[in-house]
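Structure first, then comments.
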Amino acid sequence: MGMCILMDIIKRFFSKKKPNQSQNHHHDHPVSSDFEENVQYIEDALYQPPDLKKRNLRFNQQKGVLIYLDTLTDKKLIQSDILRPLFEVEEGKIEEIIPTVEVKQITDLNLASENLLRGKCILFLQGVKEAYAIDASAMHKRDMSEPENEGVVRGAHNGFTEQLTVNLYSLRTRLENPNLTVRYFDIGRKTKTRFALVFMRDLAAPKLVQEIEERLQSISTDTIVSIGFIADYMEDHPNSPFPQSLFTERPDRTVANLMEGRVAILGEGDPTAVILPVTFFAFYQSPDDYNNRWIVGSFIRLIRLASLVISFQLPAIYIAVVSFHPEVMPVELIYSVRTGLERIPFPPIVEAGLMELTLEVIREAGLRLPSRVGQTIGIVGGLVIGEAVVQAGLISYTMVIVIAITAISSFVVPSHEMSTTIQVIRFPLMLTAATFGFMGIMFGVIITLIHLCKIHSVNTPYIAPVAPLRIKDLKDTFVRFPLFRLNERPHDPHPQQYKQESESREWARDDQGKK
């Protein structure tokens, strides 16, 4: 009896219909020959919007109407490039009379409603079972200022905006190549947010492009607000704390990744591009590495990687030394540290936890407040509160120094997502250090490395080229070799062309031959 009930439950579970297959099926509604009926259908579909405007006209000896949403269209463009030619010519083909804007023929009224919501005008003619979607979208642009999170000393000082067309313009002007391919996707059953998949046709691996397209098309949800939703839906390992896609607001950084055979995803209303696939070391690279001389760029990158170790392990090492291994400190330092700890009522793990939480609260408050007030909060929190807790005997001076160095090191990371990840995984390592000392730190580091070896970014090993090891790709990993030595693209995205067409520094060989 129990087995029968179990089998019945399993059958019911697997026989459930998916909501997007039956309940949410989209039915086409063909355009009628009566233009008034078409307008009435669209008004009902959009719930009688107050900003829906109508202009009656006569074309090809037939009555017609041009409808558009006033809040999404450019009224000057409609008057000069659409209505004026129609009134002046009165006969002919729509595509030839309005050559300056995009014109498409559509036969579905639901598609006409969607085009209205994208800022297009819809033209209906009496007796014609087709409608014309004419692009007249308004462009409310803002200045292409430099991203606050990705500032550079040398190089371009402009970034993406919230307009998808403007962002694609930035990419096309930097990469004037016919192989630059853009494919559009409308995601979100209710929001209909437009996203663009950008890649180099002759460089990006077809399997990679196909995989990302399938993941984009498989996203079935009502709402997509920002590009972060896309990254969340497409991750290989959503339970991992490490980010598996690179977010950037810089066109130059996006172009550099496209030229390596990677793929970028941009969305309407978000000044951010998502780069796929990526590796762990991509989060510690910056455009400044390539704008400076290679020795300076390599030195700065090594500092970033050293800051990773400091921000990840320094609090745990301090806790382990104070709690279990004081013999590793010099004798003079032991006395000063012990003196500072004598009147502290909490163990080191509690000290570190209180300081870390206080630092995170101050950082979050600084982000949410206006910029000028946020700077004040940072100064007050860092000086006044830090001095007060030491004078009150709650935290030792040494702990304040350790947490301050840790915080500064975490700010060195060029990627906000990776910086946040290091802040999160720092707490478990502190707990293992407080429990097992150095042995706990080694255990935590080994577990982290095993996890990094297991995860992937769109089927690409996360810590390539270290695991699996590829020595040639190490030329742009821990350090940066001279650009004329980087004559091969990284192998982790499996580009179609590994060799870069370059005959640089031929003049140097000629000079050596003359000598």
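The values are calculated or read from the model by the stated rules, or taken from the named source; none is laboratory data. Since we're looking at a predicted model, the values are computed, not measured. Because the Cβ atoms are built from the backbone with ideal geometry, glycine has one as well, and the counts that use them run over all protein chains shown.
Y184 passes every criterion in (1) in a helix (DSSP H, G or I); (2) surrounded by fewer than 17 Cβ atoms within 10 Å (Cβ to Cβ); (3) among the aromatic types (F, W, Y) apart from (1). Against the conditions (1) in contact with a Gly (Cβ under 7 Å, 6 or more places away or on another chain); (2) assigned to a loop (DSSP other than H, G, I, E, B), Y290 satisfies every one except (2). On the stretch given as the range 250-276, residues that are of a type outside the set (D, E), within 27 Å of T223 (Cβ to Cβ) and touching a strand residue (DSSP E or B) at 6+ places or on another chain (Cβ under 8 Å) total 12. For T432, state whether it is in a helix (DSSP H, G or I), in the same structural domain as I319 (by TED's automatic domain parsing) and closer than 22 Å to D289 by Cβ. No: the conditions fail for T432. Scanning the range 209-236 for residues that are within 21 Å of P490 (Cβ to Cβ) and in contact (Cβ under 8 Å) with a residue 40 or more places away in the chain yields a count of 6. Between V309, V255, the distinction of being in a helix (DSSP H, G or I) and free of Cβ contacts under 8 Å to residues at least 24 places away in the same chain belongs to V309 only. For the range 222-236, filtering for residues that are among the acidic types (D, E) and surrounded by 16 or more Cβ atoms within 10 Å (Cβ to Cβ) leaves 2. If only residues of the range 427-453 that are touching a residue at least 24 places away in the same chain (Cβ under 8 Å) and within 24 Å of the chain's Cα centre (by Cα) are counted, the one that is nearest to Y284 (Cα to Cα) is L452. Restricting attention to the range 140-150 and to residues that are crowded, with 16+ Cβ neighbours inside 10 Å and touching a residue at least 40 places away in the same chain (Cβ under 8 Å), the residue that is farthest from N60 (Cα to Cα) turns out to be E150.
Summed over the range 354-374, residues that are closer than 18 Å to S396 by Cα and surrounded by fewer than 12 Cβ atoms within 10 Å (Cβ to Cβ) total 1. Report yes if L266 is modelled with pLDDT of 90 or more and closer than 26 Å to D473 by Cβ, otherwise no. It is false that L266 is modelled with pLDDT of 90 or more and closer than 26 Å to D473 by Cβ.
Looking at the range 151-164, is at least one residue closer than 30 Å to P30 by Cβ, under 31 Å from the mean Cα position of the chain (by Cα) and without any contact (Cβ under 8 Å) to a residue 60 or more places away in the chain? No: zero hits. Residue check: is F199 touching a Phe, Trp or Tyr at 6+ places or on another chain (Cβ under 7 Å), at pLDDT 90 or above and either farther than 30 Å from N56 by Cα or outside the structural domain of H416 (by TED's automatic domain parsing) (or both)? The answer is no for F199. Here are E351, E342, E332: which of them is in the same structural domain as T432 (by TED's automatic domain parsing) and either under 19 Å from V424 (Cβ atoms) or crowded, with 16+ Cβ neighbours inside 10 Å (or both)? Criteria check complete, one pass: E351. Looking only at the range 263-280, residues that are outside any strand (DSSP E or B) and under 18 Å from E211 (Cβ atoms) come to 3 in all. All of (1) in contact with a Ser or Thr (Cβ under 8 Å, 6 or more places away or on another chain); (2) crowded, with 17+ Cβ neighbours inside 10 Å; (3) farther than 26 Å from E43 by Cα hold for S137 with one exception: (3). Residues in the range 227-283 that are among the polar types (S, T, N, Q) and closer than 23 Å to T193 by Cα: Q244, S245, T248, T254, T272.
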